[in-house]
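Written below as structure tokens is the structure these notes are about.
The values are calculated or read from the model by the stated rules, or taken from the named source; none is laboratory data. None of these values were measured; they are calculated from a predicted model. Using ideal geometry, Cβ is built from the backbone for each residue, glycine included, and neighbour counts are taken over all protein chains shown.
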Amino acid sequence: MRFILLLLVPFVFSSCALFEEKPRDHLSLAEMSFADLDGWSGNAPLQALDAFRVSCGEIAHKNVNGTLGVGGSVAVWQRACVAATLAPQTEDGARAYFEQYFTPYAASGNDGDEGLFTGYYTPQLQGSLTQIGAFQTPLYQRPSDLIAADLGAFKQDLKGQRIVGKVSGSNFVPYDERAEIARGSLATRAPVLAWVDDPASAFFLEVQGSGLVRLTDGSIMPVGYDAANGRAYVAIGRVLADKGAIDKPVTMPGIRAWLAAHPDQAQQIMNANPSYVFFRRLPDNQILGAEGVALTPGRSLAVDPAFVPLGAPLWLDTVDGQGASLRRLMVAQDTGGAIKGPVRGDVFWGAGEDAAMQAGAMQSRGRYYLLLPKTDAR
């Protein structure tokens, strides 16, 4: 059995301009066979193949001499993508394609081969293009003074790391945190995309990363992640649970119910998460993931790109929000502020009430097998 070990050393930027090393995260990949994947022979992978073909549109634009991290050379991925366009449009044909061009690897991290898998969906908010009546909560676009610095440009061993901040006087400082933004610090520094009628809905739009805003004229504006303030994500569900305010397991419906029942405390609790997301209007009414491609309900997975290359297929083995077995082929097409670590994922369930219910209830332990392209596939 062959093993691959990926080490990531994350750094944080402190106010005194020093970089402090955190404990290293490890991703170990152990080569397996498709016969080792529970449920593989009876799965229906055609929808995942279609999602992978969408990702191939992005992979095709990458430098052929580059790499996709642990995924290996771009050239090998591009060869697999060309073959994907020729695969038969049947479940058996899709299964045969993946078996011919990919090898599955069991993933494990610092704490073993199991991790947390959650769900997300496309929320719909009520909004206005002008600040009027109940529409008082802004959805900000990327601020003009927000700067993302590539640390690799300053020090080679920081390649792949970046920090977000702004210039204050002659210093580069951390960007405004949520509490400051809620008090109006961006009023003259960031354009407003739309005004919505509920601060909690705006907060959960950030958690989901994209959504639909129904405007007062009845039209729908799709919005999606454009940038973030660079602050560490803090799960307010954990904050509420630690206070004894809600019971475990923590779910999104439970958090929303608490916020609605405690409007005088809601903003303070939301401010416990200093991370803040800025949005842009999405083209063609499509919900796009961090990879820049349209997401496929039930097949797109948000991952930590420090470990899993965007566009990579993987076999997920967990349970859904209702406790039913969830073994299926997914494609890594998105990221998220709370999606950190080697064995961690967020299943995209789509839009609508059923998707919201499934996503909100999903807090599942599980594992995955990363599919990497064979170098000698023909």
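Which pairs turn up if I take residues in region 153-175 that are surrounded by fewer than 17 Cβ atoms within 10 Å (Cβ to Cβ) and look for partners that are among the aromatic types (Phe, Trp, Tyr) and not in a strand (DSSP E or B) with beta carbon separation below 7 Å, at least 6 apart in sequence or on another chain? Listed pairs, sorted by first residue: 164/175.
Name the single residue that is farthest from residue 268 (Cα to Cα) among those in region 232-248 being assigned to a loop (DSSP other than H, G, I, E, B) and not aliphatic (A, V, I, L, M).
Applying the first criterion (assigned to a loop (DSSP other than H, G, I, E, B)) to region 232-248 yields 232-235, 243-248.
If we keep only those that are not aliphatic (A, V, I, L, M) too, we end up with 233, 243-244, 247-248.
Working: 233: 15, 243: 13, 244: 16, 247: 19, 248: 21 Å.
Among them, the one singled out is 248.
Just one of the listed residues (12, 64) is part of a loop (DSSP other than H, G, I, E, B), at pLDDT below 95 and surrounded by fewer than 15 Cβ atoms within 10 Å (Cβ to Cβ), and it is 64. Among the residues of region 252-260, is there at least one that is part of a loop (DSSP other than H, G, I, E, B), surrounded by 14 or more Cβ atoms within 10 Å (Cβ to Cβ) and among the hydrophobic types (A, V, I, L, M, F, W, C)? Checking region 252-260: not a single residue is part of a loop (DSSP other than H, G, I, E, B), surrounded by 14 or more Cβ atoms within 10 Å (Cβ to Cβ) and among the hydrophobic types (A, V, I, L, M, F, W, C).
Out of curiosity, is residue 223 farther than 12 Å from residue 279 by Cα, touching a residue at least 40 places away in the same chain (Cβ under 8 Å) and buried (at least 19 other Cβ atoms within 10 Å of the Cβ)?
Details: farther than 12 Å from residue 279 by Cα: no; touching a residue at least 40 places away in the same chain (Cβ under 8 Å): yes; buried (at least 19 other Cβ atoms within 10 Å of the Cβ): yes.
So residue 223 fails the test.
Looking at 298, 323 in this structure, which one is free of Cβ contacts under 8 Å to residues at least 60 places away in the same chain, part of a loop (DSSP other than H, G, I, E, B) and among the small types (Gly, Ala, Ser)?
Values: 298 fails: free of Cβ contacts under 8 Å to residues at least 60 places away in the same chain.
So the residue among 298, 323 that is free of Cβ contacts under 8 Å to residues at least 60 places away in the same chain, part of a loop (DSSP other than H, G, I, E, B) and among the small types (Gly, Ala, Ser) is 323.
Among the candidates 95, 142, the residue that is basic (Lys, Arg) and in contact with a helix residue (DSSP H, G or I) (Cβ under 9 Å, 6 or more places away or on another chain) is uniquely 95. Residue count for region 128-162 under the criterion of being in a loop (DSSP other than H, G, I, E, B) and closer than 23 Å to residue 188 by Cα: the result is 12. Whether a residue is in contact with a Leu (Cβ under 8 Å, 6 or more places away or on another chain), surrounded by fewer than 18 Cβ atoms within 10 Å (Cβ to Cβ) and modelled with pLDDT of 90 or more was assessed, and residue 31 does not pass this test. Scan region 92-113 for residues that are closer than 17 Å to residue 330 by Cβ, hydrophobic (A, V, I, L, M, F, W, C) and either surrounded by fewer than 21 Cβ atoms within 10 Å (Cβ to Cβ) or in contact with a strand residue (DSSP E or B) (Cβ under 7 Å, 6 or more places away or on another chain) (or both) and jot them down. If the condition is that a residue be closer than 17 Å to residue 330 by Cβ, hydrophobic (A, V, I, L, M, F, W, C) and either surrounded by fewer than 21 Cβ atoms within 10 Å (Cβ to Cβ) or in contact with a strand residue (DSSP E or B) (Cβ under 7 Å, 6 or more places away or on another chain) (or both), then 98, 102, 106, 107 are the ones that fit. Number of residues in region 55-113 that are among the β-branched types (Val, Ile, Thr) and in contact with a Gly (Cβ under 8 Å, 6 or more places away or on another chain) equals 2.
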